[in-house]
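Down below is the structure, laid out as structure tokens.
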Amino acid sequence: MFFNRKQRISEKYAPVGKIGEGTYGLVYKARNIQNQSGNSEAESFVAVKKFKSFKSGDGISPTAIREIKLLRELKNPYIVDLVDVMLDEADKALYLVFDYAEHDLLEMIRCHHNRSAPHAMPMHTVKSLLWQILHGINYLHKNWIIHRDLKPSNILVTGLDKPPNERGCVKIADFGLARLFQSPLRPLTDVDAVVVTIWYRAPELLLGAKHYTKAIDLWAIGCIFAELVTSKPLFQGQEKERKGDDRNPFQSDQIDKIFRILGKPSVERWPGVIDLPHWSQAQTWQNYPCILHDRVRGLAKGSSGYDLLTKLLEYDPDKRITAEDALKHPFFTEEPRPTHIAFVDPNIDPYKSRPVTPLDPKKDIGWAMSATTSGTNGQTPMTRPMPQSAPLFSSAPPPFKRTRINDR
Amino acid sequence: MAANFWNSTHYRHWLRKVDEVYKQADAMMKKDQSTFKEDEQNNIKVIYSQIISTLAMKSKLRQRVAATAIVYYRRFFARNAVRDHDPRLIAPVALYLAAKAEEHTLAAKIVVAQMADIYQADHPYPYSVIHVYDYEFKLIAALEFDLIIYHPYRPMIQYCADASFHDLVTAAWPILNDSYKSDACLRYPPYLIAIASIYIAGTLRDREMTNWVKKMNIDLQELADIIQYLSALYANPSIIRTSGPQVERINNKLQSHFATKIQNAQSGLAKKPPSSSRPKMSLKLAE
Ligand SMILES: Nc1ncnc2c1ncn2[C@@H]1O[C@H](COP(=O)(O)OP(=O)(O)OP(=O)(O)O)[C@@H](O)[C@H]1O
Ligand SMILES: [Mg+2]
């Protein structure tokens, strides 16, 4: 059975430290206390996302409900696994327990983005990651779900703590904005005006489209593909702040950044653009030539990889390639072939472990504090060191601040 | 997730395990017998399914949200006894949670006010938003976090369109509505309920429906069971129609049964410390 109602969270998971601070709560790394495998050698970890409710609003957070309801229905090797949900009735807290993933693309890309000594991500890794992302998204789209918030920090990748054939695997995470799109009860924009970090936001949304389609996820994947190749975000627009009544202001700088790299779309190429609210303004702007090939040098202009990128970054959402078709693209049948393990060597993890912040007795109340009182509750502190990983750089890159850029 | 009913929790965890679900439900009915007679138990289910629909209408929520809430309500009482959990609270909480799951917002304050508004008894409606928040947790746990519910409305419309039975849509629709006053949603897959409703609607208009049904490539025995089950609802109208005095009688009975619990809870709430320390549950789960 999925969960055991009688058990408390502290009996099942021992907190190790904090790994994320999201919009809706905190994310902790924790150790699975009950060793299901029966093999005492194999230690397994989980990520516990704590949702604060009650004080902040009206009962259980709708974001938590959305994640739970969708992830309960989903099972795919490239979608994060929701292994448990725990409730603390007294604290009115809700914990989502996910299978642990050592990396995310944000951090992996940063490992490569080292100005003095640039090491591009190996093409085999790029291709495998892209292929797995497309697989996961194809599965979602087949199940009538749009993710709506694809960005590097929401795409997790497993590390060496997993068995060899499960390492270096994409796990698409963060379903807090995901939607079932089969005849939505009302236009999706009504509820939350702003979705998808603007750097990965599709042009039709930037120009004011009211309805979401699967195509917005494919635009974001195009942006991520380019970023994997170059280790740098492709369209880094300046986000305009929401103020007053305008919950969804025209993000003109972001559109400008796109036009400067892809050129301004023409009505012939994208007939539907004339119906979009902000087009009347944007169409008066200067035109630029397409310089995408110049920005993404790792993909030669005539190569299949470049061809796939242009199909993902197609302006017209109706013409943009679907996940299903993208998987059939020649890019994936050419050498190097994509694999289920994105690392070049399954026994070597070239990326540094996820930073784990020690627990703060002032902030991490409730379950998370059981770690500092370890020994009580029958819990043992984590003594085992993290699996050895071979660092990519002779000196580890400086710990980056996980700044929250462009968040909703 | 229409593409994937067979992989859904609705199918895997509930319909496929219908025998298990019913074993529990029967045990709960037995547990309730000393407090509520069988026809009272039945009346409670019908009345509170109806109340969920009325609440949804008052908040201008779609029929679909009400239908989801009714399934939540019935799943909850398949695993819990009425004598331990007050339907007067579970019904609005089911709607409150269903609204969230269906991407609507319904403030706890509003659902409580509306419940108080339609409540008929000698006593005022005894619950507040605090109780709603408490029971939202208990409900979602009892549902085992399976929140996506498939309904027969959309498949019914689709089947009618495919077979050009355009006139049967409006006839089958109320049959589907009435099916939610029974346990059909716990027992049968929604696509079969849809076919059964079309069959009944057609037969009532003296249409020959057998040929169409035979072409559907479904288990005809199961379909016959559903048709029988739904038709039985109309044989004894009191099963699905309830009158004001009946509602009031049930509510007074619920009030006298739960009065002491509520009182205890309220004195508990008054003593509730301001924060962080752990308050007792305001309504103790009788397990
Ligand atoms: N399964 C997991 N394994 C490891 N780390 C995880 C896992 N899930 C989430 N995290 C970490 O926690 C962060 C926040 O998680 P998530 O994106 O689900 O929450 P969020 O509140 O929606 O955050 P945000 O608003 O920043 O997108 C992730 O970016 C990641 O660093
Ligand atoms: Mg995130």
Exercise. Pairs of Cα atoms under 8 Å, at least six residues apart: use those to get the relative contact order of segment A:103-332, whole percent.
Key: 21 percent
Quiz item: Is there a simple number for the mean count of other chain Cβ atoms within 10 Å of the Cβ of residues in B:102-109, and what is it?
Solution: 4
Quiz item: For chain B, what's the relative contact order in percent, using C-alpha pairs closer than 8 Å and at least 6 residues apart?
Solution: 21 percent
Self-check item: Residue order for B:178, B:167 - accessible surface, 1.4 angstrom probe, largest first
Solution: B:167, B:178
Exercise. Distance between Cα centroids, segment A:220-237 to segment B:42-73: provide it in whole Å.
Key: 48 Å
Quiz item: How high is the relative contact order of segment B:1-135, in percent, counting Cα pairs under 8 Å that sit 6 or more residues apart?
Solution: 23 percent
Self-check item: Acute angle (nearest 10 degrees) that the helix B:169-179 long axis makes with the longest principal axis of chain B, alpha-carbon atoms
Solution: 40 degrees
Quiz item: Rounded to the nearest 100 Å², what is the sum over both chains of accessible area buried where A meets B, with a probe of 1.4 Å?
Solution: 3800 Å²
Exercise. With everything on Cα atoms, drop me the angle between helix B:129-142 and the longest principal axis of chain B, reported from 0 to 90° to the nearest 10.
Key: 50 degrees
Practice problem: Measure of size requested: the Rg and Dmax of segment A:103-332, with Cα atoms as the atom set and Å as the unit; please supply both. | Solution: 17.4, 56
Quiz item: Between residue B:35 and residue B:169, what FRET efficiency follows from the Cβ-Cβ distance if R0 is 30 Å, with the result rounded to 0.05?
Solution: 0.10
Quiz item: Which of B:231, B:49, B:34 moves most in a GNM of chain B, Cα contacts under 10 Å?
Solution: B:34
Quiz item: Quick one: accessible area per residue over segment A:328-370, 1.4 Å probe, rounded to a whole number of Å²?
Solution: 56 Å²
Practice problem: Ignore the peptide's own chain and count Cβ atoms of other chains within 10 Å of each Cβ in B:127-138; give me the average, rounded. | Solution: 3
Quiz item: So for the pair residue A:240, residue B:203, with labels modelled 7 Å out along Cα→Cβ, what separation do we get in nm?
Solution: 6.2 nm
Practice problem: Working from Cα positions, state the angle (0 to 90°, nearest 10) between the long axis of helix B:190-204 and the longest principal axis of chain B. | Solution: 60 degrees
Quiz item: So, in nm, how far is label residue B:24 from label residue A:42 when the simple model puts each one 7 Å beyond its Cα toward the Cβ?
Solution: 2.9 nm
Quiz item: Hey, which of these cross-link pairs are over 24 Å Cα-Cα: B:31/B:181; A:151/A:210; A:362/B:109; A:92/A:362; A:50/A:240; B:45/B:261?
Solution: A:362/B:109; A:50/A:240
Self-check item: Accessible surface of segment B:1-154 [probe 1.4 Å, protein heavy atoms]: carbon and sulfur percent
Solution: 51 percent
Quiz item: With r defined as the distance between the Cβ atoms of residue B:231 and residue B:4 and R0 fixed at 30 Å, what FRET efficiency is calculated, to the nearest 0.05?
Solution: 0.45
Practice problem: Run the 1.4 Å probe and let me know the accessible area of residue A:334, rounded to the nearest 10 Å². | Solution: 80 Å²
Self-check item: Shielding by other protein chains, A:135-148, mean Cβ within 10 Å
Solution: 1
Quiz prompt | For residue A:262, solvent-accessible area (1.4 Å; no DNA, RNA or ligand), Å² | solution = 20 Å²
Quiz item: Using a basic spin-label model with each label point 7 Å from the Cα along Cα→Cβ, how many nm lie between residue B:128 and residue A:328?
Solution: 6.2 nm
Practice problem: Provide the packing ranking of B:35-41, A:285-291, B:92-98, i.e. peptides ordered by the mean count of other C-beta atoms within 10 Å per residue, highest first. | Solution: B:92-98, B:35-41, A:285-291
Quiz item: residue B:169 accessible area, nearest 10 Å², 1.4 Å probe?
Solution: 40 Å²
Quiz item: How many angstrom separate the Cα center of segment A:263-297 from the Cα center of segment A:98-165?
Solution: 29 Å
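The values are calculated or read from the model by the stated rules, or taken from the named source; none is laboratory data. None of these values were measured; they are calculated from a predicted model. Heads up, the Cβs are rebuilt from the backbone with ideal geometry, glycines too, and the neighbour counts pull from every protein chain shown. Areas reflect the complete protein model, heavy atoms only, side chains present, ligands, DNA and RNA absent. Shrake-Rupley method; radii C 1.70, N 1.55, O 1.52, S 1.80 Å.
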